[in-house]
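The values are calculated or read from the model by the stated rules, or taken from the named source; none is laboratory data. Small disclaimer: the values here were computed from a predicted structure and weren't measured. Note: accessible area is taken over every heavy atom of the protein model, side chains too, but ligands, DNA and RNA are not part of it. Shrake-Rupley method; radii C 1.70, N 1.55, O 1.52, S 1.80 Å.
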Amino acid sequence: MDVSIVVLAWEDYERTRACVLSLPAEAEIVVVDNGSSEGIRQALSEFCARQGVRYVQSDSNLGYAKGMNLGVRHTTRANVILSNNDIIVHEGAVERLLAALEDSTVGAAFPGVVTPSGVPQTEGGRFLSVRVGMAHATGLSLVVPSLRIIAEPTKADWLTGPFVALRRSTLDAIGGVDETSFFYGEDMRLCWAVRQRGLRLAYLPDAVITHEDDVTAKRRWSEEEISQRRTREFIRATRQMAGRRGQVASAAFVLGVLLRAAVGRNPVRRAIARGALEGLRVR
């Protein structure tokens with residue numbers, strides 16, 4: 001099986017162990033310990049040694065992108081899968097993703113994601129254009145689904161990637177995972193970079209993985225903080241990727257966010273508003 005699977009872990013032995021055990025034995029597996037405490041480091045190192053899995057240790061938490069890129073540098077095969085540690089891979093999923101990469105027009109392949117209770121969880125969205133930003137600001141997106149920022153996976157410009165497969169040549173061509181953000185926004189940046197090279201995304205709902213969403217983030221941040229950080233990175237990525245049009249689209253979108261936050265006293269909406277404003281300011 002010509003694939004290397006990089007599993008990024010932080011302070012979580014049990015989920016990392018379960019993830020690795022669900023992966024095909026024929027794959028090259030690299031576990032990146034992203035700055036865990038000594039006890040977790042030792043447990044993961046010993047487990048990887050028993051399983052014949054490469055263990056790569058970082059002395060500090062590098063964030064998602066830098067951690068993944070560190071792992072990729074230790075891979076040797078023609079295809080690479082970037083994996084969160086809070087996932088379980090169902091039988092046949094890896095093979096289906098690799099088959100999709102045999103099509104030279106495909107730049108990245110994404111599985112169908114379900115929650116531990118079996119509820120579909122695959123998320124996707126549209127790149128923030130002026131049209132979509134204005135529709136969000138005016139409320140038009142509420143009645144015109146094609147102008148909403150969230151999109152069905154089959155119609156999305158980008159997909160979330162707790163488990164995403166790419167040819168190593170494609171990953172090298174786009175410069176690896178964009179390290180601009182410490183956490184959040186990497187999925188959209190990756191899909192943008194792949195599409196900029198004229199390649200498309202493949203969504204394979206029959207290649208199934210189970211994912212516990214935001215397990216790592218929830219150990220560090222509240223729901224409000226997660227919403228704030230996600231929104232900030234979404235706006236910041238749009239501004240950086242799409243140039244002048246991205247600036248205009250972001251401003252329009254943020255206006256809509258602020259109007260929604262002003263209508264109610266929902267703390268999550270207010271956190272989203274704070275994140276949106278931060279996204280306009282930070283580089």
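Some observations on this one:
- Gap separating the Cα centres of the stretch 1-77 and the stretch 160-177, nearest whole Å: 17 Å
- Reciprocal mean inverse distance between Cα atoms of the stretch 224-266 - Kirkwood radius, Å: 11.0 Å
- 5 angstrom amide H check on A156, placed H, neighbours 5+ away: none
- Compared with the dominant Cα axis of the chain, that is its longest principal axis, helix 186-196 is turned about 80°.
- Counting only protein chain heavy atoms and rolling a 1.4 Å probe, the accessible areas of R197, R41 rank, largest first, as R197, R41.
- In Å², nearest 10: area of D172 left accessible to a 1.4 Å probe: 90 Å²
- What the stretch 94-185 shows is 45 Å² of accessible area per residue, with the surface traced by a 1.4 Å probe over protein heavy atoms.
- Taking all protein chains as shown and a probe of 1.4 angstrom, V164 keeps an accessible surface of around 0 Å².
- Extent along principal axes [Cα atoms of the chain; Å; largest to smallest]: 57, 42, 36
- Surface composition of the stretch 173-266: carbon and sulfur make up 48 percent of the accessible area, probe 1.4 Å.
- Helix axis angle, 243-263 relative to the chain longest principal axis, alpha carbon, degrees: 70 degrees
- Taking the chain and dividing mean pair separation by its residue count, relative contact order in percent (alpha carbons under 8 Å, at least six apart): 20 percent
- Relative contact order of the stretch 83-202, taken over Cα pairs closer than 8 Å and 6 or more residues apart, is 32 percent.
- Measuring max minus min along each principal axis, the C-alpha atoms of the stretch 4-148 give extents of 56, 35, 32 Å (largest first).
- Accessible area per residue, Å², the stretch 9-92 with all protein chains present, probe 1.4 Å: 43 Å²
- Stokes-Einstein diffusion coefficient of the stretch 45-94, Kirkwood radius over Cα pairs, 20 °C, 1.002 mPa s, in µm²/s: 168 µm²/s
- Probe 1.4 Å - accessible area at T231, Å² to nearest ten: 20 Å²
- Ordered from highest to lowest accessible area with the whole protein assembly present and a 1.4 Å probe, L201, L62 read as L62, L201.
- Protein accessible area in the stretch 20-105, 1.4 Å probe - carbon and sulfur %: 45 percent
- Helical contribution to [θ] at 222 nm, DSSP H n ≥ 4, -39,500 (n - 2.57), averaged over the chain, rounded to 500: -14000 deg cm²/dmol
- Cα-based helix-to-principal-axis angle, 38-51 vs the chain, degrees rounded to 10: 60 degrees
- The stretch 121-267 pair-distance distribution - Cα-Cα, 5 Å bins, rounded %: 2, 9, 16, 20, 22, 17, 10, 4, 1, 0
- Most to least accessible of R265, R73, R168 (protein chains only, probe 1.4 Å): R265, R73, R168
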